[in-house]
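To start, the structure itself, in structure tokens.
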Amino acid sequence: MLSRTAEHLYWMARYIERTETTARLLEVGARNALLPNATGGYRNDWEAVLLAKGTLEPFLEKYRETNQRNIETWLFFDSDNPSSVYSCLSAARENARVVRTALTAPVWDAINGSFQELQQLHRTERSKLMVTDLTEWTLRACQLIRGAFMSTQLRNDGYDFSGIGTTIERADNTARLIDVKYYVLLPTVNYVGSGLDQSQWALLLQSMTAQRAFNWSYQGEITAAKIAHLLILNRRFPRSLRACVQWYCEHLDNLAESYQTATAAQEVAHKLLDDLRAATVEEIFEEGLHEFLARFMSRNAEVATTVHEVYLSGMPT
Amino acid sequence: MSATKPAIFNEMLNGEQVRSAYQNLEKWYRSMPAELRSLKQNEAEALFRRVGITFAVYGEGGDPERLIPFDMFPRVMTAEEWRKLDRGVRQRAAALNAFLADVYDRREIIRAGRIPEHLVTNNEAFEKAAIGFRPPRGVFSHIVGVDLVRTGPDQFYVLEDNCRTPSGVSYMLQNREIMMRMFPQLFMESRIRPVDGYAGLLKKTLASVAPQKCQGEPNIVILTPGHFNSAYYEHSFLADLMGVELVEGQDLFVEGDFVWMKTTEGPRKVDVIYRRIDDAFIDPLCFRPDSMLGVPGLMSVYRSGGVTICSAPGAGVADDKAIYTYVPEMIRFYLGEEPILENVPTWQCAKEDDCKYVLENLSELVVKEVHGSGGYGMLVGPKSDKSTIESFAAKIRKNPDNYIAQPTLALSACPTFVEEGIAPRHVDLRPYCLVGETIELVPGGLTRVALKEGSLVVNSSQGGGVKDTWVLAE
Amino acid sequence: MRLSIRHITRYRFDEPVRGIVQSQKLWPADCASQRVLAWTVTSHGAQTGAEFVDGAGDMIRLATWRGPLTELTVEVEGEVETADLYGVLREHRERIPPSAYLRPTRQVEADAELKMLSAVALKGLDGASALDRAHALSRAVSEAIAYKPGETQPHTTASEALSGGVGVCQDHAHALISVAHVAEMPARYVTGYLQASADGSPHEASHAWAEIWVPELGWVGFDAANACCPDARYVRLGSGYDALDAAPIRGLVQGATPEEHLDVEVMVTAVQSGQQQQQ
């Protein structure tokens, strides 16, 4: 397969995943704003949401005021924000359009159709749009695209590159969300374990549609250790770091099999998986959650760089 | 060559009478309720949009993913009419290729005094870099698009040849696909020759010109300027139909004696490149140094026989409008035959007498730029006001070599759906002739229609539409 | 005369580059005025290939380097036996018709000033031979543009050089091609080497001049920069429409292009007959 084709499939998948993450953040932020006094007013939460996407500064530069309407616009429609739903979905579609022939008709229909709907939404009067309509629409669109992809695409190398894109992006997003929660939302360690902390953790679960998963998998009250286990080490939870890494390892193994040769990409990915398998929550807390996550993100990024170097550059050195 | 207005040939009607080729269609049209028609029209548009067949107009801004209007009323040709076109188009494609092989080699036609030397060697499309190299099978132009117009029952004229990378063939294929999907009944009632063999023939043609250094099955690719190009849809459509990679310049590189494409499994050798990029951009080390679209070093690999480029660099000199006048001469010179298809009488402003005549009769002529394409930079005298004509005359005086003129032809008209029902609209026809080991031509082509009443400009960039083109079986 | 040539081109980049492709036109062809006795081109660390002889009779070869890479060297070394034929190019095998060399490129396109220069130079020479007319044009360019290094750039056009009144051999050649075109005489750009001073010191040793088509004689070289025609001190390398088209090395850096430092060293020395070539 042409390296560039693989690259576009990979980035298409990453952007779809990113679209979904932005919508989830928007949903959580909006929902949290309905809870008075939960965290000392909604304002800080919104800022945290923007911090999570690394776009607080450009936002403040453009809008100045952190009110819900501005943030909704920024996160959903604003093409000046590279991680807005609009930007991510159009980037996904642009990548898809270039490799149009590598996609089945239902996949292209799902992406292109969603994008047309999004433009329709863009033209709709804002007062007629509820934020929940927007976020629900986005989650549905992303699931439709992924569903079409999983049920119609040939299980060839293109499928694997797209799968690698989805899971590398998801691992990164999950790690980032946990990190934001732990490192940014809590200004001092005194808060750890407090009532405020509890609601923050619940918020985190919510952002990943993980409340039920948590309840089914763990007994008793919500604790930091249990949540860390769910989101980092639980191989059954589809957004956990371990699940994502395991998932891309499988895709990489498929590639090694079809190309009949293993590369540095398989090596770095499996090494990361082995380490996650061996890790315990205690060790993670001992190292420091933030330190652990930072290290994970850099290793996850190393997998991405290696995949690029080995497969997507077309000229492995 | 006077430009009086002759009667317009109506493709469907002979006076009041419906020509036999159109009888089924006429019944079909009359039995179709208006609601069904608009339903079908919407369906067709939705289908086009779904497959993503869109078209961007150069320099006009607006929606880059605009659809070319599709008219559901097909254009029909009888087996007999097609027989003549088929022979004529093949003849022309053969002569144009013989001309190209000659002007880059021994230049016999120039030595014989049949074509003035300066028209060839001082032509912008003449490539010094192509001299002295014979491409595989001596073929320079592998896809020849011949633009034809009809003015009477037996009168077909060649308007221009396209020897570089004629576009539009995807419309020929998609128009048929959509018509068959929407009106299967019509196809059961009429015996219409299929066109869907085109992609297979194109692949066969490209494979047949693989370079000598290629062993085994050649690796064919289509080279596109990228997805911002207005014909990108067509590039990806053809790649998909042929089952070959669609590459951009950045996907290819040269090393050693070959061109390679970057794949997820490492570099893979490329043997035949069907390029949809102009000569000037294909190799920044040979032509325009600022080109980002091409492959540095490609021309060296081509010239040393490591890869075949289709069409060959320099092929454009044969479809230049100044050379066009001499195509009948080429047919006689190389093939020893009389031209089957006629040229439109053409005045070359480069010639003093011609230029004088043109300037005196601008209001009755169509004037085109020698190197222009896509209907840009042209003047349709009878449809232009006085000031337009005057400013155009100034342009001609300033650079006469750059212009040719032709009489305003009474282009035939084909029934076309309009608000009130159907009405005659002017059409042309572009068949696509494939030249490799053999010369192939699928029965059909792209019919373009000028949707505006009375308009003679069929270019999609100027408000033209397209129709399905039927060739009836014997 | 027997000339020994040593031509080294070194590129250095501030940042490592991903790869480089070069089209090299670095091989002199045999003709009546020169016979190549020995010639090697070494592209250190490169893959070379796709060799061919173009329509103008020049051999062209590709050299590619895969990065990361911060410097590269191309080394040319050879010996050529030359003769003084007053600039006339004879027995040179080529297939491009002279009429192909009437095309204006960006660098040789004539503006009003060049047209004027051409007309003034040819005033009163309507009946003169093509050779005399060509000499008149070359003289006019020599007088109009003073030799002065450092004032013009590789991308300077003929019209810019003329209006500035100063330039180097490239500018003289461009201007001469331009004024010849105005007079409807085919003309082209030629690259080569010049034994400029007896000690071989690099004073424009890497040289360029123009050739004008003279129907009775064929292509004739004119070195307007030195106000003469090429003689036994000249080695002819290759030709083209202009400096870009004729360039001995045309290269492209792939990906981001960092700052490039070019270092060219050319030594052209006369070898006494019987004397051993220096290694």
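Across segment B:273-301, which residue is farthest from the other protein chains (Cβ to nearest Cβ) among those that are over 20 Å from C:D242 (Cβ atoms) and in a helix (DSSP H, G or I)?
Pass one, segment B:273-301, residues over 20 Å from C:D242 (Cβ atoms): B:273-278, B:292-293, B:295, B:297-298, B:301.
Still in the list and also in a helix (DSSP H, G or I): B:298, B:301.
Numbers: B:L298: 9, B:V301: 5 Å.
So the residue we want is B:L298.
Could you list all residues from segment B:11-33 that are part of a helix (DSSP H, G or I) and over 28 Å from the mean Cα position of the chain (by Cα)?
B:S20, B:Q23, B:N24, B:E26, B:K27, B:W28, B:Y29, B:R30
Scanning for something surrounded by fewer than 22 Cβ atoms within 10 Å (Cβ to Cβ), at pLDDT 95 or above, part of a strand (DSSP E or B) and not hydrophobic (A, V, I, L, M, F, W, C), does segment C:13-24 turn up at least one residue?
no
Would you list the helices (runs of 4 or more DSSP H) that sit entirely within segment B:152-214 and hold 1 or more residues that are under 20 Å from the mean Cα position of the chain (by Cα) and among the basic types (K, R)?
Per the criteria, B:169-182, B:198-208.
Taking the residues in segment C:113-162 that are small (G, A, S) and surrounded by fewer than 16 Cβ atoms within 10 Å (Cβ to Cβ) as candidates, determine which candidate is farthest from C:Y86 (Cα to Cα).
Step one: list which residues in segment C:113-162 are small (G, A, S), which gives C:118-119, C:121, C:124, C:127-130, C:134, C:136, C:138, C:140, C:142, C:144, C:146, C:150, C:158-159, C:161.
Among the residues that remain, those that are also surrounded by fewer than 16 Cβ atoms within 10 Å (Cβ to Cβ) are: C:119, C:124, C:127-129, C:146, C:150.
Working: C:A119: 25, C:G124: 25, C:G127: 23, C:A128: 19, C:S129: 16, C:A146: 23, C:G150: 30 Å.
My answer is C:G150.
Scanning segment C:18-46 for residues that are under 30 Å from C:G67 (Cβ atoms) and hydrophobic (A, V, I, L, M, F, W, C), which turns out farthest from the other protein chains (Cβ to nearest Cβ)? Please lay out each step first, then the result.
Taking segment C:18-46 first, the residues under 30 Å from C:G67 (Cβ atoms) are C:18-27, C:39-46.
Then keep just the ones that are hydrophobic (A, V, I, L, M, F, W, C); that gives C:20-21, C:26-27, C:39, C:41, C:46.
Working: C:I20: 9, C:V21: 4, C:L26: 13, C:W27: 14, C:W39: 19, C:V41: 15, C:A46: 10 Å.
Filtering first and then ranking leaves C:W39.
Looking only at residues that are hydrophobic (A, V, I, L, M, F, W, C) and at pLDDT 95 or above in segment A:138-148, which one is farthest from A:R31 (Cα to Cα)?
So the residue we want is A:A148.
Can C:A110 be described as crowded, with 18+ Cβ neighbours inside 10 Å, more than 26 Å from C:A29 (Cβ to Cβ) and in contact with a Pro (Cβ under 9 Å, 6 or more places away or on another chain)? Break it down into steps so the answer makes sense when it comes.
On the way: crowded, with 18+ Cβ neighbours inside 10 Å: yes; more than 26 Å from C:A29 (Cβ to Cβ): yes; in contact with a Pro (Cβ under 9 Å, 6 or more places away or on another chain): yes.
In short, yes.
Taking only segment B:302-348 into account, find how many residues are small (G, A, S) and in a helix (DSSP H, G or I).
Here the count works out to 4.
Pick from segment A:300-317 the residues that are crowded, with 18+ Cβ neighbours inside 10 Å and of a type outside the set (A, V, I, L, M, F, W, C): which of them is farthest from the other protein chains (Cβ to nearest Cβ)?
Residue satisfying both the conditions and the ranking: A:N300.
Got a number for residues in segment C:54-88 being closer than 26 Å to B:S304 by Cα, more than 8 Å from every other protein chain (Cβ to nearest Cβ) and either without any contact (Cβ under 8 Å) to a residue 24 or more places away in the chain or buried (at least 19 other Cβ atoms within 10 Å of the Cβ) (or both)?
7
Filter segment B:247-272 for residues that are more than 14 Å from chain A (Cβ to nearest Cβ) and touching a Cys at 6+ places or on another chain (Cβ under 9 Å); which is surrounded by the fewest Cβ atoms within 10 Å (Cβ to Cβ)?
B:D271
Given the conditions (1) crowded, with 18+ Cβ neighbours inside 10 Å; (2) of a type outside the set (D, E); (3) at positive phi, which single one is not true for B:T165?
All conditions pass for B:T165, except number (3).
Take residues that are away from chain B (no Cβ under 14 Å), polar (S, T, N, Q) and out of contact with any strand residue (DSSP E or B) (no Cβ under 8 Å at 6 or more places or on another chain) and tell me which of the helices (runs of 4 or more DSSP H) falling wholly in segment C:90-179 contain 2 or more.
In segment C:90-179, C:158-164 are the helices (runs of 4 or more DSSP H) which contain 2 or more residues that are away from chain B (no Cβ under 14 Å), polar (S, T, N, Q) and out of contact with any strand residue (DSSP E or B) (no Cβ under 8 Å at 6 or more places or on another chain).
Quick check: anything in segment B:89-97 within 14 Å of chain C (Cβ to nearest Cβ), crowded, with 20+ Cβ neighbours inside 10 Å and among the aliphatic types (A, V, I, L, M)?
no
So, of the residues in segment A:149-162 that are within 14 Å of another protein chain (Cβ to nearest Cβ) and surrounded by fewer than 24 Cβ atoms within 10 Å (Cβ to Cβ), which turns out to be farthest from A:T5 (Cα to Cα)? Show your work before the answer.
Applying the first criterion (within 14 Å of another protein chain (Cβ to nearest Cβ)) to segment A:149-162 yields A:154, A:156-162.
Cutting the leftovers down to surrounded by fewer than 24 Cβ atoms within 10 Å (Cβ to Cβ) gives us A:154, A:156-159.
Working: A:L154: 15, A:N156: 13, A:D157: 10, A:G158: 8, A:Y159: 11 Å.
Applying the filter and picking the extreme gives A:L154.
Checking the conditions here, which among A:T138, A:T124, A:T101 is over 21 Å from A:T209 (Cβ atoms), of a type outside the set (D, E) and either in contact with a Cys (Cβ under 9 Å, 6 or more places away or on another chain) or away from chain B (no Cβ under 14 Å) (or both)?
A:T124
Select, from C:V190, C:V220, C:V182, C:V214, the only residue that is touching a Gly at 6+ places or on another chain (Cβ under 7 Å) and farther than 23 Å from C:E265 by Cβ.
Answer to the selection: C:V220.
So that you can scan it fast, the table gives a plain yes or no per residue for (1) hydrophobic (A, V, I, L, M, F, W, C); (2) modelled with pLDDT under 95; (3) touching a Pro at 6+ places or on another chain (Cβ under 7 Å):
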| residue | (1), (2), (3) |
| --- | --- |
| B:A318 | yes, no, no |
| B:R332 | no, no, no |
| B:L335 | yes, no, no |
| B:E338 | no, no, no |
| B:Q348 | no, yes, no |
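Looking at (1) in contact with a helix residue (DSSP H, G or I) (Cβ under 6 Å, 6 or more places away or on another chain); (2) buried (at least 19 other Cβ atoms within 10 Å of the Cβ), find the lone condition where A:A243 falls short.
In the conditions (1) in contact with a helix residue (DSSP H, G or I) (Cβ under 6 Å, 6 or more places away or on another chain); (2) buried (at least 19 other Cβ atoms within 10 Å of the Cβ), A:A243 misses (1) alone.
Residue check, B:P116 against (1) touching a residue at least 40 places away in the same chain (Cβ under 8 Å); (2) more than 9 Å from every other protein chain (Cβ to nearest Cβ); (3) surrounded by fewer than 23 Cβ atoms within 10 Å (Cβ to Cβ), all met but one. Which one?
All conditions pass for B:P116, except number (1).
Given the conditions (1) at pLDDT below 95; (2) under 30 Å from B:E265 (Cβ atoms); (3) away from chain B (no Cβ under 14 Å), report the number of the one that A:A33 does not fulfil.
Against the list (1) at pLDDT below 95; (2) under 30 Å from B:E265 (Cβ atoms); (3) away from chain B (no Cβ under 14 Å), A:A33 comes up short only on (2).
Mind counting the residues in segment A:251-273 that are closer than 16 Å to A:L241 by Cα and within 14 Å of another protein chain (Cβ to nearest Cβ)?
1
Please tell me if A:L231 is out of contact with any Asp or Glu (no Cβ under 7 Å at 6 or more places or on another chain), farther than 30 Å from A:N215 by Cα and buried (at least 20 other Cβ atoms within 10 Å of the Cβ).
Against the criterion (out of contact with any Asp or Glu (no Cβ under 7 Å at 6 or more places or on another chain), farther than 30 Å from A:N215 by Cα and buried (at least 20 other Cβ atoms within 10 Å of the Cβ)), A:L231 does not qualify.
Filter the helices (runs of 4 or more DSSP H) completely within segment A:201-317 down to those with at least 3 residues that are more than 21 Å from A:D160 (Cβ to Cβ).
Because the criterion is at least 3 residues that are more than 21 Å from A:D160 (Cβ to Cβ), the helices (runs of 4 or more DSSP H) in segment A:201-317 that meet it are A:211-217, A:224-228, A:264-278, A:281-287, A:289-307.
Yes or no: A:L51 outside any loop (DSSP other than H, G, I, E, B), surrounded by fewer than 22 Cβ atoms within 10 Å (Cβ to Cβ) and either among the aromatic types (F, W, Y) or modelled with pLDDT under 80 (or both)? Steps first, answer last, please.
Values: outside any loop (DSSP other than H, G, I, E, B): yes; surrounded by fewer than 22 Cβ atoms within 10 Å (Cβ to Cβ): yes; either among the aromatic types (F, W, Y) or modelled with pLDDT under 80 (or both): yes.
It is true that A:L51 is outside any loop (DSSP other than H, G, I, E, B), surrounded by fewer than 22 Cβ atoms within 10 Å (Cβ to Cβ) and either among the aromatic types (F, W, Y) or modelled with pLDDT under 80 (or both).
If we keep just the residues of segment A:274-299 that are among the aliphatic types (A, V, I, L, M) and surrounded by fewer than 16 Cβ atoms within 10 Å (Cβ to Cβ), which is nearest to the other protein chains (Cβ to nearest Cβ)?
Filtering first and then ranking leaves A:A294.
Taking the conditions exactly as written (within 10 Å of chain B (Cβ to nearest Cβ), free of Cβ contacts under 8 Å to residues at least 40 places away in the same chain and either buried (at least 20 other Cβ atoms within 10 Å of the Cβ) or in a loop (DSSP other than H, G, I, E, B) (or both)), does C:E51 satisfy them or not? Full working, then the answer.
Values: within 10 Å of chain B (Cβ to nearest Cβ): yes; free of Cβ contacts under 8 Å to residues at least 40 places away in the same chain: yes; either buried (at least 20 other Cβ atoms within 10 Å of the Cβ) or in a loop (DSSP other than H, G, I, E, B) (or both): no.
When the stated conditions are applied, C:E51 does not pass them.
The values are calculated or read from the model by the stated rules, or taken from the named source; none is laboratory data. Since we're looking at a predicted model, the values are computed, not measured. Virtual Cβ from ideal backbone geometry, glycine too; neighbours counted across all protein chains shown.
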